[in-house]
Structures are given as C-alpha cells and as structure tokens.
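Notes follow once the structure below has been shown.
The values are calculated or read from the model by the stated rules, or taken from the named source; none is laboratory data. Not measured: the values here are computed from a predicted model. Note that each Cβ is placed from the backbone with ideal geometry, even for glycine, and that neighbours are counted across all protein chains shown. Heads up: the accessible areas ignore ligands, DNA and RNA and are worked out on the full protein's heavy atoms, side chains in. Shrake-Rupley method; radii C 1.70, N 1.55, O 1.52, S 1.80 Å.
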Amino acid sequence: NIVFFLTDDQPFDFLGCSGHPVVKTPNIDKMAAEGTRFENMFVNTSTCWISRATMFTGMYLRGHRYTGIAALDKRWSSTSYPRLLKDSGYQVGYFGKNHVYFHHGETDKMYHNYKVIGRSPFFKKMPDGSYRHETELIGDESEKFIDNLPKGKPFLLNFSFNAAHAEDHDKKNHFPYPKATAHLYKDMAMPLPKLNDPSVYNSQPGFLKHSMHADRFKWRWDTPEKYQHNMRNYLRMISGIDNVVGRIIKKLESKGLLENTILIYAADNGYYAGNRGFAGKWTHYDESLRVPLIIQDMRQKTNKGQIAQQRALNADIPATILEYAGVETPKHYQGHSLKAIVEGSQPANWREDHLSEFFSQHASIPNWEGIRGKRYVYARYVDDKFEFLHDLEKDPDQLVNYATNPEYKEILEKMRKRCNEEIVAKGGFFKREEYIRNPKKK
C-alpha cells in the first residue's frame, strides 16, 4: 500500500524534524525518525500546477509541456502513476486540490475514488450548518476510502492538500487554519525570516522587485503586526496537516494495514514567507525550490531515521511509487526511483545537478531557466535578459551574483552550456508563443 501526502507552499525547513524552532509537527517528525528524510529535495518548477503535473507524469515541464493553458496531454495522463497502478490492480483514491486539468473521462481511468476539495473558502458548510476545514475534510474522505477498501487488494491513497497555501481572496486572514490548531502559538513571538534585511530585497533587479513577489509581500508580511499574525496562522495550517497525517496513520494501524504501507510526505513547491522581501515562490532561490521529502517504508527494519544527502526531485516521486508497487516505469519518465536510497544504497551515477525552470502566462512572474548544481547555481531570466550565478561554497544564502565577475567567466560559460544541454535532454527550448504574457512595465 502507498500513501502520498502532498502539501502546498511549504519550504524544506518548516517542519520540526528539519529544524524549525517553533512549528509542531510530531506525526511527520516521527515519520522522519523512523524513515528517510531527504535533505536535498527540490522541485523543477516552483508552482503548484506545473509541479503537480510533473508528479503525475514523471517529466519536467520541458517534457509534459503543461502550463495550465490546456488540459494535460492524454499521452501523459494514460501513463501517470495513478493510471498505471489502477491498471495493475491497485485501488486508487485521490482527495483534495486539483490544479492539473485533465481531458474528460481521464480521471475515471486513473481513480476509483476521486473528489476535489478545494479552497476559496477553506471552510466548507456541512449539512448540519457547521463548517469544516478542507484539510480535515480530505482526512474524512480518506478515512472513508480506507474503511471501504476491498479485502486483500493493495491501494494507493493520494492526499492533495490546499494548505498551507494562503487564501488569496482574503486580505485579512490569509491563512485560515483548522479549529483544532487554534490553541497553538498563542502569544509566541514568531522568528523573523533569516534574510530579513531590507538590503537583500534592494539588491534584486527591478523585474523581481516589481513582480508578484512584491504584491503579495505587501498583502502578508510588510508590517510586524501582519507578519506575526500571518506567520502564526501559517504554522497552524501546517500543524493541521500534521494532525491529519496522524489520523491516517492511526486509521491504517487500526485496520491492520500500516505494516505493509509506504508513507511519502512532500510539498509541491517552497515558499519565501517573507525571506528576501518576497512572498510566493516561482523564482530561482532555494527558498522557492527546496522542499521537504520523507519516505517511510513500514516494512523496513534498517536505516531508520537516516538523512539522505542525495539530490532528489519531484520528478522522482512517480518512479519511486511505481518501483515500490512493482510496476514498470515508462521509458519517457525523466525522474528516477529513490527506493534504493531509502534502503541505504548509493545508486551509481546519481545526479550532481538538475534543471530548474518557470514558464507561464502570468505577466507579473518572470520566466526563467537554470541549473542548480552542488556548488554553483545558474539562472537566466529569458524575457529580461538577466543572468544570476551563485557560488554556494562562498555564499550559501545566494546573496551575491557573480555573473558579471570576470573571475567567474569560465564557470558562467560552463553553466550556460550545461543549462542548454539539460534543456535539450528534457524536451527542448520553449517558443515564445507557448508562454505568451502581457507586456510588462519596466
């Protein structure tokens, strides 16, 4: 059995097990203590709809070409991991956010039970007149799915949380949290972002300063009062997810199913949460691209609590699920299974870098492509003709841009070349008509 918990807008270090000084996530922390936590997990594209398409298809944006303009190509939904597991005999359920649009009838081929539970608003009115949070409703539907499983049949259960995404339409209470977590973090001073100095924001080029990052920063983080209020509520949303994780683990245990289950916890993208004077995600810094990943195989007796240093990607998750299920991975998948790493092995020729990218029609989000390596990070913002080069050995917080430094000329050329190689390998360059945006004000 495979259970996949997927959250929204959660950076890698917003869990107790990854070192956050405040947030309470005891159930997820226990998964990490008894499973494998990936220290270097990244998404290829840091936004929910594209990242989730990557996790359905096993391909980078360059491969699946899903930008939210049209439904996902049937070639890729027909070879998605839910479809392949259903075809191989798994009982498959999916509950929560749907930010990938499929052609009519495709979800029936992928799932036995499929129910979209979205935000806007997060609280849904119940038949008795009460209101229940979407995070808890996803848990409710998942418990029903478990209660009604055919005996002896393996299952795949997908949790697609809307949390901890903000409610963008509510400019006062951006992070509606479940009632069960209302008691948490009261009267606590929330730690400020690490990269809180205004000079960090002021060092950014104009197209980043005046992007959607700045708009949403003013909504949520631009005064001490807003920051404290919204950060408390943001953490309450994460703790609400943790509550549901705990509920489901207890449910599986009560049904005698837990001991033969793989648990996976990940996020679809990171989140700036005020770092660099930014809100949102979308761009090339680690706060945007680096996310949590925990895998716990309940059958595994060794390597418990290990912290894997190998570079993992969201594109690896479907291949990992397929290998655990004993289903052949399609040849067009661009990710690789992490199962061997969880079991304590070091796969040969494991990646040392990866392609990252963002292309969309949003006029206030810049399009870019680049390489995130072990030491160097390269990004070029294609419409703005601007390059970044970071040296993580000298500057782990990515505060300095070495792209115009003559001493880095050879490294810059090498990273440009590597970026082009990966673009070709993962599907080719984008044509402008594939991501046409309204003209930006410079």
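A few comments on the model shown:
- For the chain, a Gaussian network of Cα nodes joined below 10 Å ranks ILE69, ILE262, ILE317 by mean-square fluctuation, and the top entry is ILE69.
- The residue among THR107, TYR94, PRO127 whose Cα reaches farthest toward the positive pole of the charge dipole of the chain, with charges on the beta-carbon of Lys, Arg, Asp and Glu, is PRO127.
- Calculated log₁₀ intensity ratio I(q)/I(0) where the Debye formula runs over C-alpha points of region 176-305, q = 0.13, 0.16, 0.21 Å⁻¹: -0.71, -0.92, -1.22
- From largest to smallest, the equivalent ellipsoid semi-axes obtained for region 305-397 from the alpha-carbon gyration tensor read 30, 19, 10 Å.
- Solvent-accessible area per residue in region 314-412 equals 44 Å², computed with a 1.4 angstrom probe and all protein chains kept.
- When the chain is treated as a GNM with alpha-carbon contacts under 10 Å, the residue of THR36, THR404, THR107 showing the greatest mean-square fluctuation is THR404.
- Fully extended contour minus Cα-Cα distance, from LYS409 to LYS431, at 0.36 nm per residue: 5.1 nm
- Excluding ligands, DNA and RNA, the accessible surface per residue across region 40-138 is 36 Å² with a 1.4 Å probe.
- Heavy atoms of CYS48 accessible to a 1.4 Å probe, total area in Å² rounded to 10: 10 Å²
- Taking Cβ atoms as reference points and 13 Å as the exclusive limit, the residues near TYR185 contribute a net charge of +3, counting Lys and Arg as +1 and Asp and Glu as -1.
- A straight line joining the Cα centroids of region 1-27 and region 118-143 runs 21 Å.
- Selected from VAL424, VAL244, VAL377 as most flexible by GNM, with the chain as the system and alpha-carbon contacts under 10 Å: VAL424
- Of the GluC sites (Glu not before Pro) found in region 368-434, those that fall in a DSSP loop while having at most 14 other beta-carbon atoms within 10 Å are GLU393.
- Euclidean distance between Cα centres, region 49-85 to region 148-201, Å: 25 Å
- Accessible-area composition of the chain, carbon plus sulfur, in percent [1.4 Å probe]: 50 percent
- When each of the peptides 17-23, 352-358 is scored by the mean number of other C-beta atoms lying within 10 Å of its residues, the order from highest to lowest reads 352-358, 17-23.
- Local charge for GLU253 was computed over the other residues whose Cβ lies under 15 Å away, with Lys and Arg +1 and Asp and Glu -1, and equals +2.
- Positive minus negative residues near GLU225 (Lys, Arg vs Asp, Glu; Cβ under 12 Å): +3
- Here the chain is treated as an ellipsoid with the same Cα gyration tensor; its semi-axes, largest first and in whole Å, are 32, 26, 22.
- By the helix-only formula, in which each DSSP H run with n ≥ 4 contributes -39500 (n - 2.57) and the sum is divided by residues, the chain has a 222 nm mean residue ellipticity of -9000 deg cm²/dmol.
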